[in-house]
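A.B. asks: Take a look at this one; I'll ask things after.
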Amino acid sequence: MATEKNYTPEELRREAILILHKNLGALNTYRFLAQVSQSRDDYLKLQQRLFNGQSVDELYRAAKQHWQKRKRQK
């Protein structure tokens, strides 16, 4: 009897995706993952709530500042 490996959540996701890709191919793996990960939220409402009318440039600047701050903290 084979012993089952105790995967971390990240390892389990990676291994499952590799198995799906091997057996279904890239396109069908993507289609499957898209189906099982569909959100019940309306994307446009979520986008409006998260970004609150900010432009792409504003979001880019905020993201850049965030990552620069994280680098300094390490």
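A.B. asks: Would you calculate the separation in nanometres between label points at K64 and L20, each defined as 7 Å from the Cα along the Cα-to-beta-carbon direction?
C.D. replies: 3.5 nm
A.B. asks: Identify all lysines with a Cα-Cα distance to K74 below 30 Å; exclude those on the same chain that are fewer than 8 residues away in sequence.
C.D. replies: Within the straight-line cut-off, K74 pairs with K64.
A.B. asks: Give the shape of the chain as rounded, prolate or oblate, defined through the alpha-carbon gyration tensor: a ≥ b ≥ c are the square roots of its eigenvalues, a/c under 1.5 means rounded, and otherwise the shape is prolate if a/b is larger than b/c and oblate if not.
C.D. replies: Oblate, because a/c is 1.5 or more while a/b does not exceed b/c.
Computed from the coordinates by the stated procedures, all read-outs in this text should not be read as laboratory data. A quick note: this is a predicted structure, and the numbers were derived from the prediction, not measured. A quick note on method: Cβ atoms are made from the backbone with ideal geometry, for glycine too, and the neighbour counts reach across all protein chains shown.
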